[in-house]
1. Please indicate, with yes or no, whether at least one residue in the stretch 262-279 is among the polar types (S, T, N, Q), surrounded by fewer than 24 Cβ atoms within 10 Å (Cβ to Cβ) and within 16 Å of the ligand (Cβ to nearest atom).
2. Report every pair of residues separated by at least 6 positions or lying on different chains whose Cβ atoms are under 6 Å apart, first residue within the stretch 44-56 and touching a residue at least 12 places away in the same chain (Cβ under 8 Å), second part of a loop (DSSP other than H, G, I, E, B) and not small (Gly, Ala, Ser).
3. Can you pull out the residues in the stretch 74-126 that are buried (at least 24 other Cβ atoms within 10 Å of the Cβ), over 21 Å from Glu318 (Cβ atoms), modelled with pLDDT of 95 or more and of a type in the set (A, V, I, L, M, F, W, C)?
4. Among the residues of the stretch 187-206, what is the count of those that are surrounded by fewer than 24 Cβ atoms within 10 Å (Cβ to Cβ) and either farther than 14 Å from Val219 by Cα or of a type in the set (Val, Ile, Thr) (or both)?
5. When you scan the stretch 54-137 for strands (runs of 3 or more DSSP E) that lie fully inside it, which ones turn up with 1 or more residues that are of a type in the set (Val, Ile, Thr) and within 11 Å of the ligand (Cβ to nearest atom)?
6. Counting only residues that are within 15 Å of the ligand (Cβ to nearest atom) and part of a loop (DSSP other than H, G, I, E, B), how many does the stretch 142-170 have?
7. Counting only residues that are away from the ligand (no atom under 15 Å from the Cβ), free of Cβ contacts under 8 Å to residues at least 60 places away in the same chain and of a type outside the set (A, V, I, L, M, F, W, C), how many does the stretch 199-239 have?
8. Report, ordered by the first and then the second residue, all pairs with beta carbons closer than 7 Å, sequence separation of six or more or different chains, a first member in the stretch 14-28 that is touching a residue at least 12 places away in the same chain (Cβ under 8 Å), and a second member that is part of a loop (DSSP other than H, G, I, E, B) and within 10 Å of the ligand (Cβ to nearest atom).
Amino acid sequence: MSSEASNVLDIGQRKVDHLDLCATDAVAFKKVTTLLEEVRLVHQSLPDLDVDGIDLTTTLLGKTLRAPIVIAAMTGGHERAAEVNHTLAAIANDRGYGFGLGSQRAMQKRPDTAWTFQVREKAPDVLLMGNVGVVQARDMDVEIIATMIEQVGADALCVHLNPAMELVQPGGDRDFTRGTETIARLVKALPVPVVGKETGNGISVETARKLRDAGVSTVDTSGAGGTSWVGVETLRAEGDQKTLGEMLWDWGVPTAASVHNVVRCGMHAIATGGMKNGYDVARAIALGASAGGFARQVFQAFVNGGREGAEAFLNRVENELRAVMLLSGAQSVDELRRAPRMIGPQLREWMALTDR
Ligand SMILES: Cc1cc2nc3c(=O)[nH]c(=O)nc-3n(C[C@H](O)[C@H](O)[C@H](O)COP(=O)(O)O)c2cc1C
């Protein structure tokens, strides 16, 4: 078998492994948290609001969402992935959320898997985000990337940054040069906005500045404290690679600090990485995020309960968000962004690092 052919098979198997591992909690961060728990909204006993009158609408990447929620990038490239993409995209469409496809590298390597990413038939109106790794994008013609976007009808392209995960992944990338330059090139050449996106290790203020200077205006934080993608690859690795992964399992900038970094640099933040409930979404918005995003939690709800299970999880999140907004005296997402909040000591230290 040619190394190209075995590479293609490897991608498919890796994606299946990822789904299996993410159906469990074995891939969570161990000690590091999102630090969202250090954001406390202030209780208002006289909110003068009706819970049914809370307005969750928001705008993201030029589209209006019915609620500030995104189902973040997960998968594509094989049959099981198709079921996940088609069902979750339909849910996002019907509920007025954003939806992210998993890495479209598989689709570029094997055009016969394109259907597993093509969700527009089931999700005609959803805010749809395509996905490609910055290292792959660096080595691809921009026309090929533009075609990939067109083939799925994406409204934006997430360019994922994942150096920590790649260093631990068996056979992963080692050369991360010219990443910023690649993003700047894509921002200029593509017909849709480029979203800078991490994969579980968060966004430092230095990275946020580089993204902003490359012309990016929206960033998906994928901060530390949720799914550890170093952890996922550690469970697939052996020998020194595994030891490296165990050392780096909790590496990264917590989600709350990542949101602060992105917002302070004047960009829109999609807060992902360890979001568990509506309070987490509210906390991220109070730090300035435009929306909160869920990956593993919604995937697990889908694995355990199918479409109904995923919808029940998302219903719960929306109800929790509405409750927290009412109790914080915020009638709209904009008001929530300005709501009084207290910040705990660790997050304050991260913020000081940003603001110095
Ligand atoms: C099964 C699964 C597959 C994923 N695949 C991708 C991917 O292909 N591209 C990407 O940018 N992020 C991918 N992610 C990362 C998520 O988009 C998200 O950034 C990360 O898991 C943190 O969010 P969480 O803590 O809610 O899981 C994947 C996540 C899961 C759970």
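The values are calculated or read from the model by the stated rules, or taken from the named source; none is laboratory data. All values derive from a computational prediction rather than experimental measurement. Heads up, the Cβs are rebuilt from the backbone with ideal geometry, glycines too, and the neighbour counts pull from every protein chain shown.
1. Yes, some residue in the stretch 262-279 is among the polar types (S, T, N, Q), surrounded by fewer than 24 Cβ atoms within 10 Å (Cβ to Cβ) and within 16 Å of the ligand (Cβ to nearest atom).
2. Leu49/Gln331
3. Passing the criteria: Leu101, Phe117, Val119.
4. Here the count works out to 7.
5. It comes to 69-71, 127-133.
6. Selection size over the stretch 142-170: 3.
7. Total satisfying the criteria: 9.
8. Cβ pairs passing all conditions: Lys15/Thr75; Lys15/Gly77; Leu19/Thr75; Leu21/Val27; Val27/Ser228; Ala28/Ser228.
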